[in-house]
Amino acid sequence: MLLRKNLVLLMLMLIIGHAAYSLPRLRQPFNQDWKFFLGDDAAAKSPGFNDADWRRLTLPHDWSIEGKFDEKNPAKPEGGGLPTGIAWYRKAFTLPVSMLKKDVFIEFDGVYKNSEVWINGHLLGKRPYGYISFHYELTKYLKAGKNVVAVRVDNSAQPDSRWYSGSGIYRNVWLTATSKVAIDHWGTFLSTPSVSKTKAEVNLNIQIRNQNGFKGSVRVQSQVYDAQGKLVSSASTDRVLLTEKLTGLTQVVNINNPKLWSVDRPDLYKVITRIFINKMVCDSYETPLGIRYFNFDAAKGFSLNGEYMKILGVCLHHDLGALGAAINIRAMERQLEILKNMGCNAIRTAHNPPAPELLDLCDKMGFLVMDEAFDMWAKKKNKQDYHLNWEEWHVRDLQDMVKRDRNHPSVILWSIGNEIREQFDSTGLAMTKELVKLVKDLDTTRPVLSALTETDAKKNFIYQADALDMYGLNYNHKLYKDFAKNYPGQKLLATETTSSLDTRGFYEMPSDSIRRWPKDGKTKFTGGNAEFAASSYDNVSAYWGSTHEETWKEAKKYDHVSGLFVWTGFDYLGEPLPYPWPARSSYFGIADLAGFPKDAYYMYQSEWTSKPVLHVFPHWNWTPGKTVDVWAYYNNADEVELFLNGKSLGTRSKQGDDLHVVWKVQYEPGTLKAVSRKNGRTVLVKEIHTAGKPAKIELVADRRAIAADGSDLSFVTVSILDDEGNLVPGADNLVKFKLEGGGRIAGVDNGFQASLEPFKADYRKAYRGLCLAIVQAGNKAGKLKLTAVSAGLTSAVVEISVKKID
Ligand code: GAL
């Protein structure tokens, strides 16, 4: 609807506008009515090609997630075990004649990978890197009447990734029309060289495009608005002579008593820059603005707006679980909400530039971002990976990432690479210098680092290049202690930590013996269990990593550890270490692939937030007589007392650097009750009951009202309960879904890492009591009704209203 309205508006403006210079820019989603063909057909680039029998779809789209899991798929289980291949997308569109007077661009936020784009049969270009945003100018190829864009996507050469990449036009596409004199693409750069409580100075660098020889001068005006839309400051430059195809100018805007952007109060402004020819506005361009300052100190760590704080971050890959790589703003927002609620304040975009909308969300929700460019340079990690494109593309890709992302207040760090192999030989020296310079030429306001693993400083050539602003250390948490001695004067950030392995709801005892899976780099992994699960007592980790508690205890101890990024916030598709097939997604998440928190989530919540936490686990369905380890994570209290069927099992308090308390309990069915107390007064009470047989389904939607925009989502948690309403911890019932009232089921999941059921389905087995249905709005307002049924269980219904959008 919005798109149609925009198009009508665009057409009207074009018809009544005064030709080439009068139209302020128009940028609209270009996602609807694409045709799709999974396969290769060179003829499809021609505008006259008949695509009538191709599938019609709306972008963003990931064809891999629609496929079947198969161990033999060329991406291998490490890549998620889903099909890849070659596919084509085509879109026909009609523009009014007056459009020919404008500059028109098509922008792709990301295509995985090797995209080639044609407009009306003319090749616009090729872009190998699957995570980079790019655009092409269409102007000279456009005609009145029908135009056709064709895109070939080639993700056939495998394996090309250490994790699931997805395949296709998996991020948004935009169509932008500007006047012939306009601000260039990514053509503004904001910085805040001086910020205090009473005053902020904003520097705005503006690049004006004038490709068609307009002769004369323009007026450039920038106005700063606060979040309420109030004009707070402005600057104007009267006579900017456009002599070149690209003319740069700088404006300085002062803001009194600025509201500073922080993780707790992410106050935002925006800058609207207008270009005037005489009195006529010929462009209007918006740049987000967050006013903040930060510093890394070798001894005291990170400070934001003058206050010391730790960066409490997680690494995130880009997939959205059952939705695959196809971006969805609500799905990303939900992930960030879950993390915020845990006390997380930072994201590392592992190991590539993210969707631009993720950065918008981080700006709005208050997350610090370490924006990462690459997982490899010229030396490969997989046969078919980006190392093949390195020589030709790395300069352009790195520059484009920085240009695109440098106005986001959330972005505080640039990472030029993760565990790059050039650490280990002297080629790393010159390459590091080159990459750091590329970044610094575009932005000197943020430190540049690389996530390093070679810990012998003398043998680490990226470090030896002496070009990085700070030290990014992956794993090796025992080195935090003597860091200052070994790396004098360096600032330390734990760019990647932990790699704990956990499966939600699965427990192996004894809980205090730690398993390293695999145990070293030489021995083949033969351990594990028949369920293909990893214990959620936080007692399993990869050998190069450590458990959540082992890591956090060290990171917490030292001020000079400015922060950490736990590997990972959520399980992700691919890298199912240590298990073989049918494991196909990772075990590293603090929450599972469906977004359900594992127990360690509450350890972080008890440490990283000030809200009262008391989390007691495991479930209470065991064989009578078994000794069960009962753990509690808690905060804001001095002690926790545990009762079994009314009988006290004793009071425990965390001692020293403990992060949990534990009781060894002789199991008997009934009720386990924990009470946390401070100064003798009850803070929280938690009960766990032995569950009976599965009896009914419960549906809980995270949002009962969503927008009729064809994209918004409601995540519905499906619980298998007994008669009394207790979650049945072992339940794996098959649940079938029916959705009425329009909309669709966008995906289903249960968070189990070794399930080979499809994500695009209207059924799912529960795993350890839970599964998830993701309901997506259509474009019509109304009511959606989701019904869940399962043999022998009382079914459940949830209604979600779909509201009209303006
Ligand atoms: C790290 C790597 C990550 C992931 C992780 C698994 O070394 O940077 O991408 O592979 O190991 O533990």
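The values are calculated or read from the model by the stated rules, or taken from the named source; none is laboratory data. Because the structure is predicted, anything quoted here is derived from the model rather than measured. Ideal geometry is used to build each Cβ from the backbone, glycine not excepted, and the neighbour counts take in all protein chains shown. For the accessible areas, the whole protein counts, side chains as well, though only heavy atoms, and no ligand, DNA or RNA atoms are used. Shrake-Rupley method; radii C 1.70, N 1.55, O 1.52, S 1.80 Å.
The table below lists the values:
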item: Tabulated pairs, the stretch 582-606, first crowded, with 24+ Cβ neighbours inside 10 Å, second modelled with pLDDT under 95 and not in a strand (DSSP E or B), C-beta under 9 angstrom, 6+ apart or interchain; result: none
item: Residue count, the stretch 172-202 (criterion: closer than 30 Å to residue 306 by Cβ, β-branched (Val, Ile, Thr) and under 28 Å from the mean Cα position of the chain (by Cα)); result: 2
item: Near pairs, Cβ below 6 angstrom, 6+ apart or cross-chain, from the stretch 465-487 (open to solvent by 10 Å² or more (accessible area, probe 1.4 Å) and at pLDDT 95 or above) to any residue that is part of a helix (DSSP H, G or I) and of a type in the set (D, E, K, R); result: 467/433; 477/554
item: Cβ pairs under 6 Å, 6+ apart, first in the stretch 788-806 and modelled with pLDDT under 95, second open to solvent by 80 Å² or more (accessible area, probe 1.4 Å) and hydroxyl-bearing (Ser, Thr, Tyr); result: none
item: Test: residue 319 is within 15 Å of residue 407 (Cα to Cα) and either modelled with pLDDT of 95 or more or β-branched (Val, Ile, Thr) (or both); result: no
item: Residues of the stretch 624-639 satisfying the condition of being in a strand (DSSP E or B) and open to solvent by 40 Å² or more (accessible area, probe 1.4 Å); result: 627, 639
item: Within the stretch 362-407, considering residues that are open to solvent by 10 Å² or more (accessible area, probe 1.4 Å) and under 15 Å from the mean Cα position of the chain (by Cα), the one nearest to the ligand (Cβ to nearest atom); result: 365
item: Which numbered condition residue 693 fails, given (1) part of a strand (DSSP E or B); (2) surrounded by fewer than 19 Cβ atoms within 10 Å (Cβ to Cβ); (3) basic (Lys, Arg); result: (1)
item: Among the residues listed as 136, 112, 131, 89, the single one being at negative phi and open to solvent by 20 Å² or more (accessible area, probe 1.4 Å); result: 136
item: Residue list for the stretch 738-796, filter: polar (S, T, N, Q), under 22 Å from the mean Cα position of the chain (by Cα) and closer than 23 Å to residue 721 by Cα; result: 750, 753
item: Flag for residue 503 being open to solvent by less than 50 Å² (accessible area, probe 1.4 Å), out of contact with any Phe, Trp or Tyr (no Cβ under 6 Å at 6 or more places or on another chain), farther than 30 Å from residue 399 by Cβ and touching a residue at least 12 places away in the same chain (Cβ under 8 Å); result: yes
item: Checklist (1) assigned to a loop (DSSP other than H, G, I, E, B); (2) more than 16 Å from the ligand (Cβ to nearest atom); (3) not acidic (Asp, Glu) applied to residue 553, failing item; result: (1)
item: Filtered residues of the stretch 408-429 (kept if assigned to a loop (DSSP other than H, G, I, E, B) and either within 16 Å of the ligand (Cβ to nearest atom) or free of Cβ contacts under 8 Å to residues at least 12 places away in the same chain (or both)); result: 419, 420
item: Residue satisfying condition, being within 23 Å of residue 399 (Cβ to Cβ) and touching a Leu at 6+ places or on another chain (Cβ under 7 Å), within set 119, 183, 132, 169; result: 169
item: The stretch 358-373 residues that are closer than 17 Å to residue 342 by Cα and part of a strand (DSSP E or B), paired with ones that are among the basic types (Lys, Arg) and open to solvent by 10 Å² or more (accessible area, probe 1.4 Å) (beta carbon under 8 Å, 6 or more apart); result: none
item: Residue match in the stretch 729-744 (condition: surrounded by fewer than 21 Cβ atoms within 10 Å (Cβ to Cβ) and touching a Pro at 6+ places or on another chain (Cβ under 6 Å)); result: yes
item: Top-ranked residue of the stretch 430-459 - restricted to ones that are of a type outside the set (D, E, K, R) and modelled with pLDDT under 95, ranked as nearest to the ligand (Cβ to nearest atom); result: 455
item: Criterion (within 29 Å of residue 335 (Cα to Cα) and surrounded by fewer than 18 Cβ atoms within 10 Å (Cβ to Cβ)) met by exactly one of 716, 685; result: 685
item: Residue 761 touching a residue at least 40 places away in the same chain (Cβ under 8 Å) and at negative phi; result: no
